[in-house]
1. What residue, of Lys51, Lys34, is farther than 27 Å from Thr94 by Cα, in contact with a Cys (Cβ under 9 Å, 6 or more places away or on another chain) and basic (Lys, Arg)?
2. Please list, ordered by residue number, the strands (runs of 3 or more DSSP E) wholly in the stretch 1-100 having 1 or more residues that are within 25 Å of Pro166 (Cα to Cα) and in contact with a strand residue (DSSP E or B) (Cβ under 9 Å, 6 or more places away or on another chain).
3. I need a count of the residues in the stretch 123-173 that are in a helix (DSSP H, G or I), in contact (Cβ under 8 Å) with a residue 60 or more places away in the chain and of a type in the set (Ser, Thr, Tyr).
4. One residue is enough: does the stretch 19-41 have a residue meeting the conditions in contact with a His (Cβ under 8 Å, 6 or more places away or on another chain), free of Cβ contacts under 8 Å to residues at least 24 places away in the same chain and open to solvent by less than 80 Å² (accessible area, probe 1.4 Å)?
5. Suppose we filter Thr126, Thr94, Thr154, Thr103 for residues that are modelled with pLDDT under 95, out of contact with any His (no Cβ under 9 Å at 6 or more places or on another chain) and β-branched (Val, Ile, Thr); which single one remains?
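The values are calculated or read from the model by the stated rules, or taken from the named source; none is laboratory data. Owing to the predicted nature of the structure, the values given are computational and were not obtained by experimental measurement. When we count neighbours, we look across all protein chains shown, and the Cβ atoms used for this are built from the backbone with ideal geometry, even at glycine. To get the accessible areas, we keep the full protein, side chains included, count just its heavy atoms, and leave off ligands, DNA and RNA. Shrake-Rupley method; radii C 1.70, N 1.55, O 1.52, S 1.80 Å.
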Amino acid sequence: MTIKQLERSIRAIPNFPKQGILFRDITTLLRDKKTYHCAINLLAKPYKSKKIDVVVAVESRGFIFGAALAYKLGCGFVMVRKKGKLPYKTYSVTYELEYGADTLEIHRDAFGKGARVLIVDDLLATGGTIKAVSDLVEQMSAKIIGVCFLIELTALSGRKKLKGLPVFSLIKY
């Protein structure tokens, strides 16, 4: 299966969630075992030899890819969640959104200093969320080996916020 075939498996929904937005619906990719397996295999490929200790994924669609990648890479899985959703002591970061601000948290004992981390999410848009996650990971003195996405919306220039981080995206629109 090719990346073009994966790209075609993603449904485009115009004017969702509001007028002028073209939403990329990944449920059509996920429901088919061949496309989902292929996506996970292709996302894992660049990191097979990188000795990743943990995959860090962002709530909630990032979990769909992050957990599967952690399994595929034979490493641990760590969740980054919205404020108040994790039960133990956390580090947090607040970041600006298009309309307001949001706070993300990670458990303080999620991994040790020097851990080799792969950050995963489903989609790179403006880069604000992943920049916040990378700040959390760096605050914990870990090494970011890579940042990967199923989809990158290139017109939104999210890579600019992730300057200096090794970014990989499978599908680019």
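1. Values: Lys34 fails: in contact with a Cys (Cβ under 9 Å, 6 or more places away or on another chain).
When all the criteria are applied, what remains is Lys51.
2. Numbers: elements: 11-14, 22-25, 54-58, 76-82, 90-97.
So the answer is 22-25, 54-58, 76-82, 90-97.
3. The total comes to 1.
4. The initial filter retains those residues of the stretch 19-41 that are in contact with a His (Cβ under 8 Å, 6 or more places away or on another chain), namely none.
Within the stretch 19-41, not a single residue is in contact with a His (Cβ under 8 Å, 6 or more places away or on another chain), free of Cβ contacts under 8 Å to residues at least 24 places away in the same chain and open to solvent by less than 80 Å² (accessible area, probe 1.4 Å).
5. Numbers: Thr94 fails: modelled with pLDDT under 95; Thr154 fails: modelled with pLDDT under 95; Thr103 fails: modelled with pLDDT under 95.
After applying the criteria, what remains is Thr126.
Quick grid of which residues meet (1) touching a helix residue (DSSP H, G or I) at 6+ places or on another chain (Cβ under 7 Å); (2) open to solvent by 30 Å² or more (accessible area, probe 1.4 Å); (3) at positive phi:
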residue: Leu97; (1), (2), (3): yes, yes, no
residue: Asp109; (1), (2), (3): no, yes, no
residue: Ile119; (1), (2), (3): yes, no, no
residue: Leu150; (1), (2), (3): yes, no, no
residue: Leu156; (1), (2), (3): no, yes, no
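Quick grid of which residues meet (1) more than 27 Å from Leu136 (Cβ to Cβ); (2) among the small types (Gly, Ala, Ser); (3) at pLDDT below 95:
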position: Arg8; (1), (2), (3): yes, no, no
position: Arg31; (1), (2), (3): yes, no, no
position: Tyr36; (1), (2), (3): yes, no, no
position: Tyr47; (1), (2), (3): no, no, no
position: Ala67; (1), (2), (3): no, yes, no
position: Lys72; (1), (2), (3): no, no, no
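Let's see how each residue does on (1) under 18 Å from Glu152 (Cβ atoms); (2) more than 16 Å from the chain's Cα centre (by Cα); (3) hydrophobic (A, V, I, L, M, F, W, C):
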{"position": "Ile10", "(1), (2), (3)": "yes, yes, yes"}
{"position": "Tyr36", "(1), (2), (3)": "no, no, no"}
{"position": "Ala44", "(1), (2), (3)": "yes, no, yes"}
{"position": "Lys50", "(1), (2), (3)": "no, yes, no"}
